[in-house]
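The values are calculated or read from the model by the stated rules, or taken from the named source; none is laboratory data. Keep in mind the model is a prediction, meaning the values are calculated, not measured. Cβ placement follows ideal geometry from the backbone for every residue including glycine, while neighbour counts extend to all protein chains displayed.
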C-alpha cells in the first residue's frame with residue numbers, strides 16, 4: 001500500500017453542538033519515512049454568519065483555550081482554505097474526528113467559496129489498512145499521549161503515534 005505522503009488534519013471548533021463552526025485547523029505532514037514531520041496550524045476568523053447564527057460554547061472554550069477575542073485577528077476562511085489546498089495538494093488527508101471534522105471542513109471551504117483539493121478520510125480506516133501490528137503500536141503510543149485540544153498539536157500527536165506504530169510494524 002502506498003501511504004506517503006501521510007497527512008493528518010484536526011479542527012477545533014466553537015462548539016460541538018448544532019451551529020458550531022471551525023476556529024482552528026492543524027495539519028501534520030510526513031512527506032516520506034526519511035523526512036521530518038512538518039506541522040502547520042492557523043486560527044480561523046469567524047464569518048459574520050457564523051457569529052450571528054452559530055453557537056459559541058464556553059465549555060468548548062475551556063477545553064481548547066481559544067477565546068473569541070483571539071479570533072478577531074485570525075486568518076480569513078479564504079486564506080486558511082487556500083493554505084490547506086497549497087500545503088496538502090491532492091490525495092487523502094486522515095482525521096480522527098469523523099463527521100465533526102467533515103462538517104467543519106465543509107463549513108470552512110463553503111465560507112471560502114472554494115473546493116478542497118484533497119479528500120478527508122477516516123483515521124480508523126487508515127489503521128485498518130495498515131494492519132493489526134501497526135494499529136496496536138499506534139494505540140499503545142496514544143495511551144500515553146497528552147491531548148492538548150489545539151489543532152496543530154493534536155495532528156502532530158497523531159502523526160507521532162503513527163510513526164511509532166509504523167516502526168513497531170517493521
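Quick look at the numbers
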| quantity | calculated |
| --- | --- |
| Residue among 111, 107 that alone is surrounded by 19 or more Cβ atoms within 10 Å (Cβ to Cβ), closer than 15 Å to residue 83 by Cα and modelled with pLDDT of 95 or more | 111 |
| Residues of region 127-149 that turn out to be crowded, with 18+ Cβ neighbours inside 10 Å and either assigned to a loop (DSSP other than H, G, I, E, B) or touching a residue at least 40 places away in the same chain (Cβ under 8 Å) (or both), as a count | 1 |
| Residues (over 23 Å from residue 160 (Cα atoms) and more than 12 Å from the chain's Cα centre (by Cα)) located in region 104-119 | 106, 107, 108, 109, 110, 111, 112, 113, 114, 115, 116, 117 |
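Each row is one residue, and each column tells you yes or no for (1) more than 19 Å from residue 100 (Cβ to Cβ); (2) touching a strand residue (DSSP E or B) at 6+ places or on another chain (Cβ under 6 Å).
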position	(1), (2)
120	no, yes
125	no, no
130	yes, no
144	yes, no
150	no, no
160	yes, no
164	yes, no
168	yes, no
